[in-house]
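Asker: Take this structure, written in structure tokens, and hold onto it; I'll ask about it next.
The values are calculated or read from the model by the stated rules, or taken from the named source; none is laboratory data. Predicted, not measured: the structure shown is a model, and the values here were computed from it. All Cβ positions, glycine included, derive from the backbone under ideal geometry; neighbour counts span all protein chains shown.
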Amino acid sequence: MSSSILVAYATRSGSTAEVSESIVAALREAGLWADLVPVSKIESLQGTTDLILGAPLYIGKFPRDFHQFLAHQRSAIAKMRTWCFVLGPTRREPADFDAARKQAEQQFTHYPWLHLAGLQIFGGRWDASLLPFPFSLARRLPFNPLAKVPGEDIRDSTAIHDWSLAIAGQIKHAA
């Protein structure tokens with residue numbers, strides 16, 4: 001049995017896209033080929049057997065295009081092995097990671113048909129200067145609390161690599 005792997009992601013400032021690229025590189029290192037596509041560009045999942053989803057959490061919610069993708073591709077996704085990584089915390093506090101996991105799990109309650117093979121929370125990147133429109137407008141508001149939040153990047157490349165290789169092992173074992 002051959003496997004067709006897709007890494008599909010939603011991103012606003014590019015951080016989730018960068019992590020997705022790292023996952024694809026690790027899968028290729030493990031001898032597997034994976035395609036990389038933003039969820040907003042996917043029209044069909046035909047031929048995909050293994051799906052790795054990536055999404056950021058913004059104020060406890062996934063982006064709209066991620067929700068639209070899940071709703072639109074429901075029947076195809078329900079038939080495949082699916083893993084998901086979520087970028088959320090921008091501080092290395094265990095409570096922040098726990099909160100992000102709870103928020104992600106809450107978001108997935110909207111999709112009871114989706115049975116994830118794994119859900120991983122990774123640290124994210126926060127840089128107010130990278131916010132896309134219309135969120136970038138909030139930076140200019142007087143007394144904006146976001147303006148006081150320092151930029152931070154706590155993405156853990158080793159953890160991302162190790163998680164990706166673990167998925168590669170699961171895919172190879174099932175093949």
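Asker: What's the total number of residues in segment 81-96 that are touching a residue at least 24 places away in the same chain (Cβ under 8 Å) and surrounded by fewer than 17 Cβ atoms within 10 Å (Cβ to Cβ)?
Answerer: 2
Asker: When you check T90 against the structure, is it over 19 Å from A117 (Cβ atoms), touching a Phe, Trp or Tyr at 6+ places or on another chain (Cβ under 8 Å) and in a loop (DSSP other than H, G, I, E, B), yes or no?
Answerer: yes
So that you can scan it fast, the table gives a plain yes or no per residue for (1) modelled with pLDDT of 95 or more; (2) under 24 Å from A159 (Cα atoms):
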| site | (1), (2) |
| --- | --- |
| P38 | yes, yes |
| T48 | yes, no |
| G60 | no, yes |
| R64 | yes, no |
| Q68 | yes, no |
| C84 | yes, yes |
| G88 | no, yes |
| A104 | yes, yes |
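Asker: Please state which one of A55, A26, A95, A17 is more than 25 Å from A168 (Cβ to Cβ) and either touching a strand residue (DSSP E or B) at 6+ places or on another chain (Cβ under 7 Å) or not in a strand (DSSP E or B) (or both).
Answerer: Exactly one of A55, A26, A95, A17 is more than 25 Å from A168 (Cβ to Cβ) and either touching a strand residue (DSSP E or B) at 6+ places or on another chain (Cβ under 7 Å) or not in a strand (DSSP E or B) (or both), namely A95.
Asker: I need the full set of residues from segment 58-69 which are assigned to a helix (DSSP H, G or I) and either within 11 Å of Y9 (Cβ to Cβ) or touching a His at 6+ places or on another chain (Cβ under 8 Å) (or both), in order please.
Answerer: Within segment 58-69, D65, F66, H67, F69 qualify.
Asker: Got a number for residues in segment 9-62 being of a type in the set (D, E, K, R) and in contact (Cβ under 8 Å) with a residue 40 or more places away in the chain?
Answerer: Count: 5.
Asker: Right, something else. Please find, among H72, H67, the residue that is more than 23 Å from R125 (Cβ to Cβ), of a type outside the set (K, R) and surrounded by fewer than 22 Cβ atoms within 10 Å (Cβ to Cβ).
Answerer: Answer to the check: H72.
Asker: So is A8 within 24 Å of P89 (Cβ to Cβ) and in a helix (DSSP H, G or I) or not?
Answerer: It is false that A8 is within 24 Å of P89 (Cβ to Cβ) and in a helix (DSSP H, G or I).
Asker: Condition (residue is at pLDDT 95 or above, within 18 Å of A17 (Cβ to Cβ) and of a type outside the set (A, V, I, L, M, F, W, C)) applied to segment 130-139: is it met by at least one residue?
Answerer: Within segment 130-139, none of the residues are at pLDDT 95 or above, within 18 Å of A17 (Cβ to Cβ) and of a type outside the set (A, V, I, L, M, F, W, C).
Asker: Would you check which residues across segment 23-53 are crowded, with 18+ Cβ neighbours inside 10 Å and of a type in the set (S, T, N, Q) and list them?
Answerer: Selection gives T48 alone.
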